[in-house]
Amino acid sequence: MTFTTTYVPPVSASGAERQVATLEPSSIRTLPKEWFGTSSSSLVFDFYGLTVLTTDSGLGTGTNCFMVVPTDEVPDDNADVDSWSGVGILLTGCKAGGFPAAAQTTVDEAFPAELRTVFPPGSALKFVLEGDRVRVFSSAR
């Protein structure tokens, strides 16, 4: 009988990131039906000129998905979703197995000015959907 041991050194799950916000759903914003998988049960969150919204399937694989888009690119609830086009940021994340839905990015000049005043270009942001809240982490430049 042969027995071998394999050692896998642990890797830190987070570097210099820190939680900077816990987003609560907004009750004032509505979305067009079926826009990127949104439904009447979709939750909407606001964060410095960005809108985070939950979707049933999103653009990726998995479940319990969300998207992050610039707020000024979110169509109103009566928009024709088939003719919508965006030119800016689009982040997506979906739950996979035991991992929560998450998306991360580096802030650049394409992000809203409102966000760049708090998180300058080069800062990293990570959005994590947990239940009916979104936790936001940053690793400042």
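The values are calculated or read from the model by the stated rules, or taken from the named source; none is laboratory data. Remember, it's a predicted structure, so these values are computed and weren't measured experimentally. Using ideal geometry, Cβ is built from the backbone for each residue, glycine included, and neighbour counts are taken over all protein chains shown. Note: areas computed on protein heavy atoms with side chains; ligands, DNA, RNA excluded. Shrake-Rupley method; radii C 1.70, N 1.55, O 1.52, S 1.80 Å.
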request  = Would you mind stating whether Val68 is modelled with pLDDT of 95 or more, closer than 13 Å to Leu53 by Cα and open to solvent by less than 50 Å² (accessible area, probe 1.4 Å)?
outcome  = no
note = Thr61: passes all of (1) touching an Asp or Glu at 6+ places or on another chain (Cβ under 9 Å); (2) at pLDDT below 80; (3) of a type in the set (Val, Ile, Thr) but (1)
note = For strands (runs of 3 or more DSSP E) lying entirely in segment 90-141, having 1 or more residues that are of a type in the set (Asp, Glu) and modelled with pLDDT under 95 picks out 124-130
First in segment 99-117 and closer than 21 Å to Cys65 by Cα, second anywhere and of a type in the set (D, E, K, R) and modelled with pLDDT under 95, Cβ under 7 Å, 6 or more apart = Pro100/Glu130; Ala101/Lys95
remark   = Per the filter on segment 115-136, residues surrounded by 18 or more Cβ atoms within 10 Å (Cβ to Cβ) and not charged (D, E, K, R) are Leu115, Phe119, Ser123, Leu125, Phe127, Val128, Leu129, Val134, Val136
